[in-house]
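The values are calculated or read from the model by the stated rules, or taken from the named source; none is laboratory data. Since we're looking at a predicted model, the values are computed, not measured. With ideal geometry, Cβ positions are generated from the backbone for all residues, glycine too; neighbour counts draw on all protein chains shown. For the accessible areas, the whole protein counts, side chains as well, though only heavy atoms, and no ligand, DNA or RNA atoms are used. Shrake-Rupley method; radii C 1.70, N 1.55, O 1.52, S 1.80 Å.
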Amino acid sequence: ISSRKGLSRKTKRKLFIIGMLAFPLLQWLVFFVYVNIDSVLMSFQTINYKTGAMEWTFSNYERFFHEWNALPYLKSAVKNSLLAGANNIVLLLLSVILSYFFYKKIPGIKFFRVVYFLPSVISIVVYTMAYKLMFDTSVGPINILLQKLGVNAVDLPTWFGDTDLAFPLVLLYCLWGGTGYNILIVGSAMENLPQDVMEYSHMEGVGWIRELFQIVVPMIWPTISVALLGSVTVVFTLFIQVEMLT
């Protein structure tokens, strides 16, 4: 009867699923696949200023290896990018541990959720500037607190003005700013864990470290692996925060 009146229930379900997946798939194809393939192709191209045309060449890579030894800041940029990637792996590990304690309903869980989720729900510009102002040498609360504790004004650190402190502060910012998103993803996976397994673990008196790394992590590993992949790609995308902070 339903097939005579129109589309069948099964066909409508398929069309609904296709419609829901079409937009994110198209977005991924355009803004990830196309952009990255085009970026690789552009690395083998250079402009001919006489004709205005693009020419295929290896000169960009030749220039890179030539400037590798001639420009010290290039090595520093590569090193800092690798450190940022390692920092995001630490961030993921921290997010898994925090998600586990949130899953266990620790005391004060609502307060800590607000603290860690806050950077994820407000503009990146807002909390980046708020973080930067915390370390301001004139009006920042951290230097004011240090003065209250007896540190002389001449001995106060310049924070982002200090080449030895600036990048570690950026990494610390990434730990705070990126934790909320990872907790949301990993925490959602933990909420779907089979309760009979977790109850059996509790009855057997399994410690939290063993439960986390031998029971919980293996069961949510697909989610963690996707988050880990995103952590690695930050090596190529971490620039907005560095520019705004420094």
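Of all the residues in the stretch 136-158, those that are open to solvent by 40 Å² or more (accessible area, probe 1.4 Å) and assigned to a helix (DSSP H, G or I) number 10. For the stretch 167-196, the candidate set comprises residues that are surrounded by 12 or more Cβ atoms within 10 Å (Cβ to Cβ) and over 19 Å from the mean Cα position of the chain (by Cα); within that set, the residue that is nearest to I224 (Cα to Cα) is M190.
Residues of the stretch 193-211 include none that is in contact with a Phe, Trp or Tyr (Cβ under 7 Å, 6 or more places away or on another chain), modelled with pLDDT of 90 or more and either of a type in the set (K, R) or over 30 Å from T246 (Cβ atoms) (or both).
Looking at the structure I just gave you, is S201 under 22 Å from the mean Cα position of the chain (by Cα), open to solvent by less than 60 Å² (accessible area, probe 1.4 Å) and not aliphatic (A, V, I, L, M)? No, not satisfied. Within the stretch 111-135, being over 17 Å from the mean Cα position of the chain (by Cα), open to solvent by 70 Å² or more (accessible area, probe 1.4 Å) and more than 16 Å from L171 (Cβ to Cβ) holds for F111, F112, R113, V114, V126, M129, L133. No other residue among F64, F32 is open to solvent by less than 80 Å² (accessible area, probe 1.4 Å), aromatic (F, W, Y) and part of a helix (DSSP H, G or I) apart from F64.
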